[in-house]
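Trainee: Below is one structure. I have some questions about it.
The values are calculated or read from the model by the stated rules, or taken from the named source; none is laboratory data. As the structure is a computational prediction, the values presented were derived from the model and not from experiment. Positions of Cβ are generated from backbone atoms using ideal geometry, with glycine treated the same way; all protein chains shown enter the neighbour counts.
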Amino acid sequence: MPQDIAFAAPGHFWKGNIHTHSTASDGARSPREVCAAYQDAGYDFLALTDHFLAKYDWPVVDTRPFRAPGFTTILGAELHAPATSLGEIWHILAVGLPDDFAPTAADETGPALAARALAAGAFVAIPHPAWYALSAADANTIPGAQAVEIYNHTSALRTDRGDGAYLADQLLAEGRRINLIAVDDAHFKSPDAFGGWLMVKAEANAPEPLLAALKAGQFYATQGPLLHDVTWHDEVVEVHCSPAAAVMVLGRGSRAEQSLAPMQTRVRLPIAALRRGGFGRVVVTDAQGRRAWSNPFFFEDAA
């Protein structure tokens, strides 16, 4: 059984956030100030994703002037169009957009907008699904989406709806191959930054290799704990991590195994029951309750 691609791929882990806002839409700090804040906080990269709406003059903010040695940016936006099954405006995270991405047409739907972003070369994700009660049926109308926000820090702080695991696990149980991202969705109107991020494995801290790594699933999501390695053997998954209070492997429905002990850094968990469900994903929790999430692993021989 193979090592998780995030750890098997060549390169280095780079810390980044791919969902953030500025005064180009409804944030409180200018794009320059937002980029500086992440650089000062030790991030390697940032995607500024302001709301792509007419009232903000359709921003795909050019953050290239704010790049610096050791810090880069990827262009992106949070796209919107009518309407989910609850009548809510769609929220679609698109990272790696061209700066001339065309405004949303008057009759363009959310699924069509997502498809256009994918065609333009973007990494497309489903943001904060719990925040506006996005259903699996909604998510299945954008089959090209490559990830779900497993954690959105601002949604957790403001509405206690920051956890996207319900949607991710429904999609995975249906056979959808989709990855998991953590973000902070900071607006800087309150202490909402630096609460969730990605560790992306790429050969260089530059927009093109980072974007390629996102699309390939070469990353894990975290609120703080570190994953050093995840390897899937025939009977067990082996997890090497920073000191953890709990290490879990979760599968379809109620299938799960866990190890509960303080300060553990290497754990082997049985996976026989998970194999029959088609997938497994690792969650590590530290003593402060902060979590890290691997991307799902798919068992090719699932019954």
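Trainee: Any idea which residue in region 197-231 is surrounded by the most Cβ atoms within 10 Å (Cβ to Cβ), counting only those that are under 18 Å from Pro69 (Cα atoms) and out of contact with any Leu (no Cβ under 6 Å at 6 or more places or on another chain)?
Mentor: Leu210
Trainee: If I ask for residues that are of a type in the set (Lys, Arg) and over 17 Å from Phe7 (Cβ atoms), which ones from region 168-221 would you list?
Mentor: Those that are of a type in the set (Lys, Arg) and over 17 Å from Phe7 (Cβ atoms): Arg176, Arg177, Lys189, Lys215.
Trainee: Further question on the same structure: Can you name the residue in region 285-300 that is within 16 Å of Val236 (Cβ to Cβ) and of a type outside the set (S, T, N, Q) and is also surrounded by the fewest Cβ atoms within 10 Å (Cβ to Cβ) among such residues?
Mentor: The selected residue is Phe299.
Trainee: Another question, if that's okay. Count, please, the residues in region 158-203 that happen to be among the aromatic types (Phe, Trp, Tyr) and in contact with a Phe, Trp or Tyr (Cβ under 9 Å, 6 or more places away or on another chain).
Mentor: Residues meeting the conditions: 2.
Trainee: A follow-up question, please. Considering only residues that are under 20 Å from Phe194 (Cα atoms) and β-branched (Val, Ile, Thr), look in region 137-168 and name the one that is surrounded by the most Cβ atoms within 10 Å (Cβ to Cβ).
Mentor: This residue is Val148.
Trainee: Please report, ordered by residue number, the strands (runs of 3 or more DSSP E) entirely within region 191-298 with at least 1 residues that are within 30 Å of Val34 (Cβ to Cβ).
Mentor: Of the strands (runs of 3 or more DSSP E) lying wholly inside region 191-298, those with at least 1 residues that are within 30 Å of Val34 (Cβ to Cβ) span 197-202, 219-222, 227-232, 236-250, 279-285, 291-293.
Trainee: Turning to a different aspect of this structure: Pull out all pairs, ordered by first then second residue, where Cβ-Cβ is under 9 Å, the residues are six or more apart or on different chains, the first lies in region 256-276 and is in the same structural domain as His233 (by TED's automatic domain parsing), and the second is of a type in the set (Lys, Arg) and not in a strand (DSSP E or B).
Mentor: Once the first residue is in the same structural domain as His233 (by TED's automatic domain parsing) and sits in region 256-276, its partners that are of a type in the set (Lys, Arg) and not in a strand (DSSP E or B) give Ala273/Arg255; Leu274/Arg252; Leu274/Arg255; Arg276/Arg252; Arg276/Arg255.
Trainee: Also, quick follow-up: Scanning region 169-186 for residues that are in contact (Cβ under 8 Å) with a residue 40 or more places away in the chain and part of a helix (DSSP H, G or I), which turns out surrounded by the most Cβ atoms within 10 Å (Cβ to Cβ)?
Mentor: Leu172
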